[in-house]
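The values are calculated or read from the model by the stated rules, or taken from the named source; none is laboratory data. What you are looking at is a predicted structure, and each value in this text was computed from that prediction instead of being measured. Glycine also receives a Cβ, built like all others from the backbone with ideal geometry; neighbour counts cover every protein chain displayed. Areas reflect the complete protein model, heavy atoms only, side chains present, ligands, DNA and RNA absent. Shrake-Rupley method; radii C 1.70, N 1.55, O 1.52, S 1.80 Å.
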Amino acid sequence: MRALLRLASFAPRRQASSSRFLVDKFDRHHTYLRISLTERCNLRCQYCMPLEGVQLSKPSHLLTTPEIVKLVQLFAQGGISKIRLTGGEPLLRKDLPEIVGHLKGISGIRTIGMTTNGVTLHRTLSSLQEAGLDKLNISLDTLEERKFEFIARRKGLRHVLRSIDEAVQAGFTPLKINCVVMKGLNDDEISSFVALTKDKPIDVRFIEYMPFDGNRWNFSKFVAYKDMLSAIEASHGDVVRLENDYNDTAKSYKVPGYTGHFGFITSMSEHFCGSCNRLRLSAEGSLKVCLFGASEVSLRDALRSGADDAELMSLIGMAVKKKKAAHAGMFNISKSKNKPMILIGGLFSNLSIRLFSSSQLSHLDSQGKARMVDTSEKEITQREASARAVVHLGKSIYDAVKENNVKKGDVLSVARIAGISAAKATPSLIPLCHTLGLSYVGIEFHLREVDHSVEVVSVVRCADRTGVEMEALTAVAVASLTVYDMCKAMSKDMEIREIRLLYKKGGKSN
Ligand code: SAM
Ligand code: SF4
């Protein structure tokens, strides 16, 4: 099934900033500042926090409320109009309503949002609303009590669900729910999360799980948004793609007739550097201009050493001008500091995965860390690849397969399904393969009387930026192994030979 595209114009508009010091070399106007208010948290989410915990900064190293207000006044002069408060858990900051009130009073600040785990939200919801909080994101990855406790290493689902209901009733609509999707952990709940949008003005945003040192990232936990979308269409029927604003990080959809929406934050499979309008201020007062970049400038140190407004603006402006056109690709990000998510405060951090150390190879960076080739500049074209393998069965097995008389069942039908599934699973098996939206996987078997073998041939197609030869090869390899597995009770005297690519079409090498 296909997502129905609403054919309205897809020409999102960029929000302009009033002054140039927050405009970078690529004419990106920064209008959105995310502020981490604390490094502390009352949960211990596995994907955010390392098991051993994090080294907290000394309280005196954190920005005070007057310092935060001072810096936001300067950022507002540069065009920041939208603030998001995050953490750690922002609700742990005792003077939170006061901070919201001060920021709301700053000229130019139009919207104040907050991302929270929601555990204690019901206690302060009304005072936050009175202080001027406009938007709320509540993070929730599961609707099952025991799973919540497993993921967050703490109890609390009941409180979060209560906060969600109270926030909707208080008028925080659409209320955004951030759900980090991890294969084998909560990907079976995607459809239940979409069901929440049926009667409630809720916008569920499924977030692709991101790696960083300490969160036990591995490729097999990653679920690409296209797979999530297919799962949703399988359970809720055709969905409608909604228009997004220029700077939106989510791709938005809705099920026709449902009150709320859902969307995907595709930081892993498709990044959004070109329209990035975000800056980030850590709880220690460091400015990060790139979501994934390692460089930071300490505004706290500058403030505390007496820098005046002009000096601070110039420091911020210089950092913004250094912002790169795009980050290095999610699989290639492994620069100096590898902070856990909780210390960076939000959805987007600098990350690291260290798989190998070796000399310069195309899939390793200069420091010997694994990298996926960045294909974002490549053109999307039709791709096709075909591969083959031969399984030598011996006469008795050959006859049994030919007559479909093997005890375990229909060998070739099972092998065909295995090969198709394997082609689709290639990126989780072969670490640096790209996740592609396959449009077709076909597997054919040719029984060869002459040497009592079966030839397995695959054809795989997609429209994408990179080819499908690994998918074609994986398909025949796994289909052949399945033939072996189905027949091995009869004899182990079988051999899989000649796994090879037959051709690939599309792309540069054609
Ligand atoms: N404590 C608050 C919360 O949980 O909403 C705010 C801070 S939390 C770091 C902000 C957001 O980052 C949350 O929605 C969380 O789910 C998301 N996040 C944390 N680690 C992540 C990861 N490894 N991959 C994707 N999203 C992640
Ligand atoms: Fe805490 Fe939020 Fe990180 Fe979970 S995601 S540990 S709630 S900061």
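Dipole magnitude for region 422-510: computed about the Cα centre from +1 point charges on Lys and Arg Cβ and -1 point charges on Asp and Glu Cβ, it is near 420 debye. Between residue 407 and residue 425, the simple label model (points 7 Å from Cα in the Cβ direction) yields a spacing of 2.6 nm.
Peptides 296-308, 391-403 ranked from most to least packed, by the mean per-residue count of other Cβ atoms within 10 Å: 391-403, 296-308.
If you take all other residues with their beta carbon under 15 Å from the beta carbon of residue 59, and give Lys and Arg +1 and Asp and Glu -1, the sum is +2.
State which entries of 324/424; 104/324; 25/104; 226/254; 402/488; 25/176 exceed 23 angstrom in Cα-Cα distance in the structure shown.
Details: 324/424 34 Å; 104/324 31 Å; 25/104 30 Å; 226/254 15 Å; 402/488 16 Å; 25/176 32 Å.
The pairs that break the limit, which is 23 Å between Cα atoms, are 324/424; 104/324; 25/104; 25/176.
Label zone of residue 199 (point 7 Å out along Cα→Cβ, amide N under 18 Å): in region 157-184 this covers 161-171, 175. Each other residue within a Cβ distance under 13 Å of residue 402 adds +1 if Lys or Arg and -1 if Asp or Glu, for a net charge of -2. Each other residue within a Cβ distance under 14 Å of residue 149 adds +1 if Lys or Arg and -1 if Asp or Glu, for a net charge of +4.
What whole-number distance in Å separates the alpha-carbon centres of region 388-456 and region 186-201? With region 388-456 and region 186-201 each reduced to a Cα centre, they are spaced 37 Å. Largest accessible area first, the residues 64, 375 order themselves as 64, 375 under a 1.4 Å probe with ligands, DNA and RNA left out.
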